[in-house]
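A short write-up of the structure that comes next.
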Amino acid sequence: MMITTASMALRPTLLLASTAASGGPPRAIPGSYGLPLLGPLKDRLDYFWFQGPDEFFRRRMAAHGSTVFRTNMPPTFPFFVGVDPRVVALLDCASFAALFDASLVDKRDVLIGPYTPSLAFTGGTRVAVYLDPSEPAHARVKSFCLDLLRRNARAWPSEFLRSLDAMLSAVESDMPSAGKPANFVLPLQKCIFSFLCRCMVGADPSADPTIAEFGFAMLDKWLALQLLPTQKVGVIPQPLEELLLHSFPFPFALVSGDYRKLYDFVDKHGGEVVRLAEAEYGLKKDEAINNILFVLGFNAFGGFSVFFPFLISSIGGDRSGLRAKLREEARRVLEAKELGFEAVREMELVRSAVYEVLRMKPPVPLQYGRARADFVLRSHDAAFQVAKGELLCGYQPAAMRDPRVFDDPDSFVPERFVGERGRALLQYLYWSNGPETGRPTTENKQCAAKDYVVDTACLLVAEMFRRYDDFQCDDGGLAFTKLDKATMAQVK
Ligand code: HEM
């Protein structure tokens, strides 16, 4: 039996001195999986229908009096043959950290949980995100991604700002009149798609009219078919959602034509990037293109498409006077510096607000890992015996509201990460599948673009305040109104 403390990652801080994990003997993990078929079915219905993910985890945590417990995770029934839904849920910062310890957990094929979409969705390649660092191909592809990001580090901010300008102009031209909101979702998706194509494929989508017009929608469809069985959607009434979206895996055939077009686009217009993968990192051509498409479509496009609406709506929906402070900071820094990564690194409040949105609404809410061997897992309060092969499932939205780490954890506190005390909290910010103070390497599974994501989000916020005196989001959060000083006075 391996004895270790996940909570060793929780190095002493001014805040956590009193939350040392229990040194007592391990106890049995509370919770049960219920009767065969019925237990998983009940948990599935609770998760998707009767309770929803937040309530699902919250109730079980309260019922067991523990942040670590056993439960089933959908999809489960009836056509997900061979998918074992039994997991150990981890809901506090201490136990969650076990998922970042490569000596404890194997990350093979657990990206979205016990269910893995057909390999056909990735052109027959097991792409990097499904590989464990112990598999040699992981290091090859991750080094390639890190290199690609490094090579494009100079172009990234200007390419992003170019696409952002097109997006904001499109949203503005859609605003019926001053003070009236316009939906930003489609222009935002086009913006993300075109800047990522230029930065990661080295190709402008306009090189292919079909990709320019529909590329982002092709990725949306491809993503949806892989993820739907694991997601609460809420756009069609129950029980239809359960029957139609959560009962069987979707076949790749529904999106194979689109995938082919995207593949051909990278093949034809991304030659330089593909050659780099082949020559420097020993990837075969199809392995390179399937990995580029996955990182572009799933990690980057998928990640930003979820995160940016959260970011815009959290800031645009604030009623505490935050936007005036962000505007003041952004404009003050931009008086002396051109907008870019260097400038936004001086915007402490903007950065802290971005971190706080990542804490409140982690864009990838679930992380998984399979125990490599028996080991003792520690939460803040107790020690638990985990058996080799058990699947650990960390639910970020709960861990990121751990009251032992974050004061007033359910409130949006934009300045939370400002100053020395604020920066000390960054080691508990886990959105990138690792602490914010960590560094993505070939030995771990932390997001390769972790720093780029934060810097790009800061660019978005700074550019909006450079451009507008103020903006506000409507209640749904997916439309915003730009406000100049005259309109601000009228709205108030
Ligand atoms: C808001 C945007 C993004 C979010 C929220 C995000 C989040 C994540 C998360 C949570 C993981 C870990 C997945 C797991 O193993 O459980 C991950 C991995 C990864 N991300 Fe990101 N990501 C984003 C953008 C990007 C971008 C722009 C890139 C471009 C290079 C990227 C590249 C990767 C790669 C290559 C991995 C796999 C790391 C590995 O296998 O070791 N991500 N990302």
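Among the listed pairs LYS261/LYS285; LYS180/LYS485; LYS190/LYS361; LYS232/LYS325; LYS232/LYS482, which have their C-alpha atoms separated by more than 25 angstrom in this model?
LYS232/LYS325; LYS232/LYS482
Packing-based ranking of 295-304, 438-447 yields 295-304, 438-447, ordered from highest to lowest mean Cβ neighbour count within 10 Å.
Report note on the peptides 459-470, 276-287: ranked by the mean count of other C-beta atoms within 10 Å, highest first, their order is 459-470, 276-287. Rolling a 1.4 angstrom probe over the chain with all protein chains present gives an accessible area of which 56% lies on carbon and sulfur atoms. Karplus-derived 3J(HN,Hα) values for the stretch 341-350, using 6.51 cos²θ - 1.76 cosθ + 1.60 with θ = phi - 60°, are 4, 5, 5, 5, 5, 8, 9, 5, 6, 4 Hz; glycine and proline are entered as x.
Under a model in which nothing but the beta-carbon of Lys, Arg (+1) and Asp, Glu (-1) is charged, the chain shows a dipole of about 620 debye around its Cα centre. Accessible area per residue for the chain is 42 Å², calculated with a 1.4 Å probe on protein heavy atoms, without ligands, DNA or RNA.
Per residue of the chain, the DSSP helices (runs of n ≥ 4 H) give a summed -39500 (n - 2.57) that works out to -13000 deg cm²/dmol at 222 nm. Couplings 3J(HN,Hα) for the stretch 210-215, derived from phi with the Karplus relation 6.51 cos²θ - 1.76 cosθ + 1.60 (θ = phi - 60°), are 5, 5, 4, 7, 10, x Hz, where x marks Gly and Pro. When only alpha carbons are used to place a centre, the stretch 210-224 and the stretch 225-289 end up 10 Å from one another. The mean of 1/r over all pairs of different alpha-carbon atoms in the stretch 301-343, once inverted, gives a Kirkwood hydrodynamic radius of 12.1 Å. When the C-alpha to C-alpha distance is required to be over 29 Å, the pairs from LYS337/LYS450; LYS142/LYS388; LYS221/LYS388 that qualify are LYS221/LYS388. Normalised by 2.2 N^0.38 Å, where N counts its residues, the alpha-carbon radius of gyration of the chain equals 0.97.
The values are calculated or read from the model by the stated rules, or taken from the named source; none is laboratory data. Not measured: the values here are computed from a predicted model. Ideal geometry is used to build each Cβ from the backbone, glycine not excepted, and the neighbour counts take in all protein chains shown. For the accessible areas, the whole protein counts, side chains as well, though only heavy atoms, and no ligand, DNA or RNA atoms are used. Shrake-Rupley method; radii C 1.70, N 1.55, O 1.52, S 1.80 Å.
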